[in-house]
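The values are calculated or read from the model by the stated rules, or taken from the named source; none is laboratory data. What you are looking at is a predicted structure, and each value in this text was computed from that prediction instead of being measured. Glycine also receives a Cβ, built like all others from the backbone with ideal geometry; neighbour counts cover every protein chain displayed. Accessible surface areas use protein heavy atoms only, side chains included; no ligands, DNA or RNA. Shrake-Rupley method; radii C 1.70, N 1.55, O 1.52, S 1.80 Å.
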Amino acid sequence: MQFVGTFWALVPPIIAITLALITKEAYSSLFIGVVIGALFACDFAPVATIDMIVNDGIIAAIADNAGIFLFLVLLGIIVALVNLAGGSAAFGRWAEKNIHTRVGAQLATFILGILIFIDDYFNCLTVGSVMRPVTDRHQISRPKLAYLIDATAAPVCMIAPVSSWAAAVSGVAEKLDSGISGIQLFIQAIPFNFYSLLTFVFVIGMIVMGFDYGPMAKSELEALKGNLGSLGNDEEVESTKATLWDMLIPIIALIIMCIIGLMYVGGFSDPESGVAGDFVGAFGNTDAFVGLPWGSLVALVFTIIYLICRGVTSFKDAMSCAVKGFNAMVPAILILTFAVSLKNMTGLLGAATYVEGVMKAASAGLFSMLPAIIFIVACLLAFATGTSWGTFGILIPIVVGVFQNTNPELMIISISACMAGAVCGDHCSPISDTTIMA
């Protein structure tokens, strides 16, 4: 166990990220990172390594994320249903009449992303499926669309008190002796989350000024020539019967039911939960991996009934969308499985212990500079592991432990720095779950 609790714990994700950037191929890059992590954790014992890859890596990743996988599949089926019924094409026709410029299409994407603040997965997949026909018609590249979605999803969740991210942060902080509740800690940290707030300013400025740089500028030039950078499986269905409402009603139903699902799972209607009737408290107590599938399943049943009653699809055709929706989500599910497996490997290698040691060493001589240091560490950790929530789990207990009895105000600022750095690293990482979703 010579690699546990040392810098070597961060080497597997660093290798995976480097390979992904070089090869532009995520599956093998992530899997190689998982293998290297297992080799380190097992001191290069071959049989033990295989056992760890299968049991502690892939199987554990599937088991721990079964809820979000189910949500992805259900959401994929709903998107396939709306496409089959012609709802997406109808929305595209409406947008063509009402959104006349490339700037307008990008601002509409940004605004919709702001409005869907409940969950980043939900945000990425919903905004992507709704706005793709609109941005395609205005020759906006798929990389630009993916950036606008990703740059909005996590930051808006990070400053919304009613979101799965607020629940994640408050859930971690609630178990600590910080002197205030987890949700209060989250709310007080919002004004200091400069990365999330300035990201919105940057995105709006980039859209209005038409300023792109690097590979994004190249993708936009290609899009103006007709090459949008499509990954396929996104053809639209023309239907004279379909209207704008055949797109909007399923999406609205999905949003409403997911909110209800999150509240129900959080104990809003349970007298014994301690948060009965408390809207914010229910969100702070919820489990997005259960609430989102709960809501999306009800929304799927409603969508099938609605579209059949509207006469825009048949029951047989609606059932065929189950396979189409699942197939559309297979790439995301595979990458998420490998990404979570890699995160499990870094956990087994004691990455949290190593980072905690680095942070405590830094706190001795650079106390007033700790928020900046925490931001950088959170950014690097989220970039290497591809997870903001994992970064919260590692760093927030450390931050509270350092500041809780000395400087409560600096503790709030440092918590905010941790959250902002986690979002920044998440944005930059090619193995991040929200990057994959976008």
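Results, tabulated for the structure shown:
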quantity	calculated
Kyte-Doolittle at least 1.0, axis length at least 27 Å by Cα - qualifying DSSP helices, the chain	66-85, 245-265, 288-310, 315-348, 408-428
Pair residue 137, residue 51: separation of 7 Å Cα→Cβ label points (nm)	5.9
Exposed-site-free run, longest, the chain (rule: GluC sites (Glu not before Pro); DSSP loop; at most 14 other C-beta within 10 Å)	26-234
Å² of accessible area per residue within the stretch 1-157, as computed with a 1.4 Å probe and no ligands counted	37
Accessible-area value, residue 346, 1.4 Å probe, nucleic acids and ligands omitted, Å²	10
Identified option (computed Rg/Rh (Cα atoms, Kirkwood Rh); candidates (i) 1.02; (ii) 0.95; (iii) 0.98)	(iii)
Normalised contact order of the stretch 3-94, rounded percent, pairs of Cα under 8 Å and 6 or more residues apart	18
Distance between modelled label sites at residue 319 and residue 25, nm, 7 Å Cα→Cβ extension	4.0
Length released on extending from residue 62 to residue 202, taking residue separation times 0.36 nm less the Cα-Cα span	46.8 nm
Exposure ranking of 225, 241 by accessible area [1.4 Å probe, largest first]	225, 241
Total lysine pairs under 27 Å (Cα atoms) in the chain, excluding pairs fewer than 8 apart on one chain	17
Highest-fluctuation residue, 160, 276, 26 considered, GNM on the chain with Cα pairs under 10 Å	276
Where chymotrypsin sites (Phe, Trp or Tyr not before Pro) in DSSP loops with at most 11 other Cβ within 10 Å are excluded, longest remaining stretch of the chain	214-438
Carbon and sulfur %, accessible surface of the chain computed with the full protein complex present, 1.4 Å	69
Area accessible to solvent at residue 278, 1.4 Å probe radius, in Å²	70
Size of charge dipole - the chain - debye, nearest 20, with Cβ of Lys, Arg +1 and Asp, Glu -1, no other charges	960
Accessible area in the full protein assembly, largest first, 1.4 Å probe, for 376, 333	376, 333
Between the stretch 62-80 and the stretch 92-163, the alpha-carbon center distance in angstrom	21
Mean separation of Cα contacts under 8 Å, 6 or more apart, over the residue count of the chain: relative contact order %	26
Where labels lie 7 Å past Cα in the beta-carbon direction, separation of residue 100 and residue 376 in nm	5.0
By accessible area with a 1.4 Å probe, ligands and nucleic acids excluded, highest first: order of 100, 427	100, 427
Cβ-based charge dipole, the chain, positive-most Cα from 103, 34, 285	103
Highest-MSF residue in the chain out of 49, 101, 126 [GNM, Cα springs under 10 Å]	101
